[in-house]
Amino acid sequence: MPGSLKGRVALITGGSSGIGRATALAFAREGARVVIGNRRVSEGEETVRRVKAAGGEAMLVRTDVTKAAHIEMLVAKTVETHGRLDCAFNNAGVTGDIARTAECTEENWDRTMSVNLKGVWLAMKYEILQMLKQGGGVIVNNASVAGLVGMRGGPAYSASKGGVVQLTRTAALEYAKLGIRINAVCPGFVSTPMTEDHTSANPDLEAWMKKVQPMGRLGTPEEVAEAVVWLCSDAASFVTGHPLVLDGGLVVQ
Ligand SMILES: NC(=O)c1ccc[n+]([C@@H]2O[C@H](COP(=O)([O-])OP(=O)(O)OC[C@H]3O[C@@H](n4cnc5c(N)ncnc54)[C@H](OP(=O)(O)O)[C@@H]3O)[C@@H](O)[C@H]2O)c1
């Protein structure tokens, strides 16, 4: 329903690309004022430009989610500009190297955990502190089906996403009576630059991704964005602690 986030202030980490960019556009379409936080300025500004071109309001705060001071600043600038923070989509993430558990390097483990798991926890920490001050809010974390089932060749990625699901459940319980709903989305294979990084080097991989998803195709960033919009909206007012699977049937096989 257009206008489901009318007047709300919405923050997105990793808004410069893929699912984050699609969600920025969807939030703005629903009437939210959008703030994105990511590292690449030109790509982030391109998201801002697209939101404004569609009639919405957006700004970029350059952010590295692995750094507490950056996240604290992202939330502070959001509140300084818009007075509050109603919805947050903690989406920034990396796949890391494709390597089995025994071949995964310590550097890959640390980098993947730092962005995907520590980054989500840090974001939640500062978002929740603000939401407690203002009396409520909604958080959605971007996990993955890899957080629900095993994924060969992605030990750090799977562990980080499983951690995001558990962080989501834990925080949802902690703040359930305090007006803060906290959920996760768990996408299957979605067509974004992250996926293209791998499929461009290995054309058979895209065919395999389509084959393992019973609908026979990749998801789109917009399909994930619509679920995030719904979880942030009042239509999902009794939903908390839920990892919402968006995977064309992948994990029910
Ligand atoms: N595509 C899929 O099939 C799929 C499936 C399941 C889950 N996901 C999850 O969806 C999320 C978005 O992925 P995507 O597919 O949209 O990939 P993408 O197009 O590569 O986007 C990744 C986003 O994360 C940001 N990012 C990475 N490291 C960051 C850091 N240290 N600090 C701040 N921002 C950072 C990037 O921005 P900058 O580079 O500008 O910082 C970019 O905006 C990820 O968490 C991913 O794990 C994706």
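A compact table of results
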item: Fluctuation leader among Thr63, Thr195, Thr13 - the chain, Gaussian network, Cα springs under 10 angstrom; result: Thr195
item: Trypsin sites (Lys or Arg not before Pro) restricted to region 155-253 and DSSP loop, no more than 16 other C-beta within 10 Å; result: Arg217
item: Added length on full extension, which subtracts the Cα-Cα distance from 0.36 nm per residue, Ser200 to Ala53; result: 49.9 nm
item: Theoretical gain in end-to-end length, Ser237 to Leu173 [0.36 nm per residue, Cα-Cα removed]; result: 21.6 nm
item: Candidates Pro221, Pro243, Pro187: whichever shows maximal mean-square fluctuation once the chain is modelled as a Gaussian network with Cα springs under 10 Å; result: Pro221
item: Disulfide-incompatible cysteines by the Cβ rule (no partner under 4.7 Å) in the chain; result: Cys104, Cys186
item: CD proxy at 222 nm, helix term only [per DSSP H run n ≥ 4: -39500 (n - 2.57); per residue of the chain; nearest 500]; result: -14000 deg cm²/dmol
item: Difference of contour (0.36 nm per residue) and Cα-Cα distance, Arg217 to Ala99; result: 40.0 nm
item: Formal net charge of residues neighbouring Gln253 (Cβ-Cβ distance under 13 Å; K, R +1; D, E -1); result: 0
item: For Leu205, net neighbour charge (Lys/Arg +1, Asp/Glu -1) across residues whose Cβ lies under 11 Å away; result: -2
item: Charge dipole (debye, nearest 20) of the chain; +1 at Cβ of Lys and Arg, -1 at Cβ of Asp and Glu; result: 560
item: Max mean-square fluctuation residue, GNM over the chain, Cα-Cα springs under 10 Å, options Arg100, Arg40, Arg21; result: Arg100
item: Listed residue (Trp208, Ala123, Gln166) projecting farthest to the positive dipole end of region 107-253, Cβ model; result: Gln166
item: Accessible area in square angstrom per residue, the chain, 1.4 angstrom probe; result: 47
item: With every protein chain in place, the chain: carbon and sulfur % of accessible area (1.4 Å); result: 56
item: Size-normalised alpha-carbon gyration radius of the chain, reference 2.2 N^0.38 Å; result: 0.95
item: Loop-located GluC sites (Glu not before Pro) in region 82-147 whose Cβ has at most 10 other Cβ within 10 Å (DSSP); result: none
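The values are calculated or read from the model by the stated rules, or taken from the named source; none is laboratory data. Given the structure is predicted, the values throughout are model-derived calculations rather than measurements. Cβ sites come from the backbone with ideal geometry, for glycine too, and all protein chains shown count toward neighbours. The accessibility values were calculated without ligands, DNA or RNA, using every heavy atom of the protein model including side chains. Shrake-Rupley method; radii C 1.70, N 1.55, O 1.52, S 1.80 Å.
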